[in-house]
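Worksheet for the structure shown next.
The values are calculated or read from the model by the stated rules, or taken from the named source; none is laboratory data. Since we're looking at a predicted model, the values are computed, not measured. A quick note on method: Cβ atoms are made from the backbone with ideal geometry, for glycine too, and the neighbour counts reach across all protein chains shown. Side chains are part of the model used for accessible areas, which takes the heavy atoms of the whole protein and leaves out ligands, DNA and RNA. Shrake-Rupley method; radii C 1.70, N 1.55, O 1.52, S 1.80 Å.
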Amino acid sequence: MKDFVRVLLAAAACGVAGVGVVPAAPAIAQPADNSLSLSEVDIRAFIEDVANVTGRTFIIDPRVTGKVTIVSTRQLSPNELFQVFQSTLRVHGFVAAPAGANTYRIVPDEVAAREPSMGGGSEADRYVTQVFSLKHAESESVATAIRPLLSMRGAATSIRRGNSIIVVDYGATLVRVREVIQTLDRDNTELRSIRLSNTSASEMVRSMQSIITADGGPAVQIVALAASNTVVMRGEPALLDRYAPLLQELDVQADFRRGVVVIPLTYAVAEEVVPILQQISASMEGPSGADGAPAANRRANIAAHKATNSLIISADPDVQEALSEVVNSLDKRRQQVNVEAVIVEVSDTAAQELGLQFLIAGGNDSAVPFLSTSYGNSAPNLLAVTGALLTGNQDTTDNPALGQLQQAAVSSLLGSTGGLFGIGGETDDGAILGLIVNALKEDRDSNVLSTPSVLTLDNESASIMVGQQIPITTGEALGSANTNPFRTIQREDVGVQLEVTPQISEGGVIRLVIRQEVSSIFGPVTSTSTDLITNKREINTVVQVDAGQIIVLGGLIQEDVQKTESGIPGLRDIPLVGGLFGSTGESRRRTNLMVFLRPTIVSTPEQARDVTLRQYQAVQGFDGLDPVIQDKIERDFFNFTTQPPAAAPAAVAPAATSEAATPPAPQ
């Protein structure tokens, strides 16, 4: 009957080949004390006996083999027998895992380890997976410490990112592991503050961090408190006992340089930074903190060394530290702005003049002693020329007035422009006749293009002037009795001038304070004067423009027309012949002036090189640049390697053929 039940239950099992099933059977007769005494008994027979006593069904894995020995001298209840059974299986590397109601699978423990939900009836005999999140200890070190406590199939994995440990093992083992982890994961660190006397706190922190890193990087945190010049350390007491004396020793060794620091500057100008630091240090004067040091001890002495562009600061370490941070913030590479201007001026001047002068002087018997016409816009002066001709043969030694008259005639002739026609003579009775006609037509066009450019630092003024300096008379004086005459002059710039102060804002917007001037020499005030008239066009403005954008600063479109008419009243208005008694002149001047501007931000050496090369390429395109000079500039200044291109290999004549060579098809 027993064999039949076993076969029946085996047929109802999972159908896995080679898996044995031991069914639950009615309690069989056992010794009254339920004691066990087994020696080298087949484990499968032992499983069968336990099934009979406890009433549980076991599905046995084919790999479950071996012999067991159990010695018990006291009575065992069915539950106690089952616990002994589970412990015996664990000793032999097997696990009884629940598989249903009052049914268990007996499998090797490596199978149970891969299926953490498997195990015995109680948690102590089941494989359990648990995650331990650590608060203070390091996960890797704790995982290393608990691995010896695990069973053969147990595992502990460290997760550094979350400072956690994943443990897989029997529930009973995890109880011990949990106790050990709680003991290890305790905050045993402490805080220590050390006030420094001779070294700044931030400098000491940097030094100690380098030492701790070189020492293997133990878990010691160190922080600087600049306000009180104090260093705060956190770590295990043993580590603090190790590093705190070293820190204090370093502070004592720095006593020889207490309060004095030399800061070389890279970009800022030391003399410009000194007033800023003096103003800041003045606001920091007062009690130094808990020790109540007098204000005088906190005063900073700041000086600039121009030759090395360095700052020398003498102050308490905390004040010194604060000023050093300000210096580091100010000593930054500044941006530059390249301002390019294009000035275009187009002018057209036209003038025409027509005048007639005549002279009639009667002889000895004439009733008309003298008649003449002369106009301010006509040249030469007919009266001066006639007088010079009449007195040309006379000696001017005894009569200086005659010499002055002749000199005036010469100047009048030299100052005349246009075409001249004249006749004159003297009759037998001494009458003088003279006639001069002058005519002028003048056209003058002018096209001026100037492209000044200047490179300057952000918030720094710059100017460029291309032109001449001309003398301008400011005064004349004579000594007593009209002797010792002298003249005072002042030289003024004439040409193209550009003055600009850029300011770069966020987003590449540039604010420009600009003064642009274009001046030139117009000519003398009169034909006989040495004083000059200058043309001047000036723009003073403040604009805002994006980097690289072209803007127009201003423009001038001007047209000037002037007409002059001179003549004898009454006679000038006679029809047809009125022109014989007058002179006419007309001038017309048109001017078109435009000024364009383009600022560019230069932040890097590469951008500065691009701007330089662009300007040099403009010089290369200028006609008349001598090749020798160009080669010297490129070789000595720009360090260009101007090597001639390699000559192309000589073409080899193809074999005689009647077909022309065909160029290759484009790729």
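Tabulated values for the structure
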read-out: Exposure ranking of 597, 250 by accessible area [1.4 Å probe, largest first]; value: 250, 597
read-out: Charge sum, other residues only, whose C-beta stays under 10 Å from residue 556's C-beta, Lys/Arg counted +1 and Asp/Glu -1; value: 0
read-out: Apportionment of accessible area to carbon and sulfur, the range 171-242, percent (1.4 Å); value: 51
read-out: Cβ crowding within 10 Å averaged over residues, with 90-99, 136-145 ranked highest first; value: 90-99, 136-145
read-out: The range 474-514: equivalent-ellipsoid semi-axes (sqrt of 5 x gyration tensor eigenvalues, Cα, Å); value: 51, 9, 4
read-out: Residues of the range 484-572: accessible area per residue with a 1.4 Å probe, Å²; value: 64
